[in-house]
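Comments concern the structure below.
Values quoted throughout were computed directly from the atomic coordinates according to the rules given, and no laboratory measurement underlies them. These numbers come from a predicted model, not from an experiment. Note that each Cβ is placed from the backbone with ideal geometry, even for glycine, and that neighbours are counted across all protein chains shown.
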Amino acid sequence: MANILRIQSSAQTSERSITRKMGAQFIQEWIKTDPSVSIVTRDVAQNPLTFVDQSWIAAAFTKPEDRTPEMIERLKESDMLIDEIIKADILVIEVPMYNYGIPAALKAWIDQIARIGRTFSFDLSRGDVPIEPILSGKKLVQISSRGEFGFEPGGIREKMNALDSAIEACAHYLGVSQKEIYRVTIEYQEFKDQRHEDSKQQAEKKITRLVGKLIFDFDKRPKVANL
Ligand SMILES: Cc1cc2nc3c(=O)[nH]c(=O)nc-3n(C[C@H](O)[C@H](O)[C@H](O)COP(=O)(O)O)c2cc1C
């Protein structure tokens with residue numbers, strides 16, 4: 001059985017939000033082919049998370065055995081969010097472009113789940129790359145929508161794409177390697193013309209293909225005997 005963690009971050013509700021609609025298509029198509037799938041939804045826009053602050057940082061960087069009850073309490077939210085990631089095989093992140101980057105609500109989630117001792121280790125004896133991810137083997141489906149266009153390499157807004165790079169840079173905290181990031185992107189939303197319609201249609205087709213591929217890959221994973 002596949003476990004999907006669906007992260008929603010559009011400030012708009014499902015009637016208006018393109019990323020929420022496309023995410024719903026992904027989930028519905030998965031269920032149609034594999035009804036045994038388990039889906040956990042985390043809506044960081046409608047249920048905003050706390051921002052990391054001094055008390056969070058102090059708690060996170062204190063060894064677990066030395067934490068005070070207040071520190072343990074402060075990290076409960078982070079622990080719950082990380083536990084959701086650990087249980088997931090596939091993360092579906094629905095992410096609108098806001099001011100050329102990711103919504104603040106999603107950044108708050110990333111800040112909560114990037115945790116020393118839980119999602120990464122830090123060791124200066126590793127030289128210039130002291131951070132190593134703790135989780136591995138997960139896949140990430142990034143479903144994003146933009147009002148403008150041309151954010152791809154060579155596009156007219158190539159240098160303004162702070163969204164894809166933010167997700168890419170933090171994927172290791174999620175246990176996702178660069179080659180396991182799958183992107184579905186809708187553009188031209190603000191132009192509301194044929195280019196937008198074409199972009200949506202292409203995205204819908206891509207989602208159908210991606211669900212097929214990911215279910216196929218999941219089914220042919222080596223089965224580990226329960227000892
Ligand atoms: C606060 C805000 C900021 C936005 N900033 C950008 C932007 O920098 N670049 C862009 O191409 N589109 C921008 N847009 C357009 C959205 O990316 C677009 O409407 C997208 O469809 C939103 O996702 P949603 O439909 O799932 O809510 C912005 C929209 C909002 C509401």
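Tell me the mean residue ellipticity at 222 nm calculated for the chain from its helices only (DSSP H runs of n ≥ 4, each -39500 (n - 2.57), averaged over every residue, nearest 500). Kindly include the intermediate steps, with their values, before the conclusion.
Numbers: 7 runs with 86 residues, N = 227.
Computed ellipticity for the chain at 222 nm equals -12000 deg cm²/dmol.
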Highest mean first, what order results for 110-117, 79-86 on Cβ atoms within 10 Å? 110-117, 79-86
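Which order results if E65, E94, E132, E152 are arranged by neighbouring Cβ count within 10 Å, fewest first? Intermediate results must be reported in sequence, preceding the final value.
Values: E65 5, E94 28, E132 11, E152 14.
In increasing order of surrounding Cβ atoms, one gets E65, E132, E152, E94.
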Given Cα pairs under 8 Å that are at least 6 residues apart, what percent is the relative contact order of the chain? 21 percent
About its Cα centre, what dipole magnitude does the chain give when the only charges are +1 on Lys and Arg Cβ and -1 on Asp and Glu Cβ, stated in debye to the nearest 20? 580 debye
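For a footprinting-style exposure proxy, rank I90, I7, I167 by other Cβ within 10 Å, fewest first. Walk me through the intermediate numbers first.
On the way: I90 24, I7 28, I167 21.
Least to most surrounded, the residues fall as I167, I90, I7.
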Listed peptides 168-181, 118-131 by packing density, highest first (mean Cβ within 10 Å): 168-181, 118-131
What ranking do F26, F61 get, fewest neighbouring Cβ atoms within 10 angstrom at the top? F61, F26
Within the stretch 15-78, list the trypsin sites (Lys or Arg not before Pro) lying in a DSSP loop whose Cβ has at most 12 other Cβ atoms in a 10 Å radius. R16
Return the equivalent ellipsoid semi-axes of the stretch 3-219 as a descending list in whole Å, where each equals the square root of 5 times an eigenvalue of the C-alpha gyration tensor. 31, 20, 17
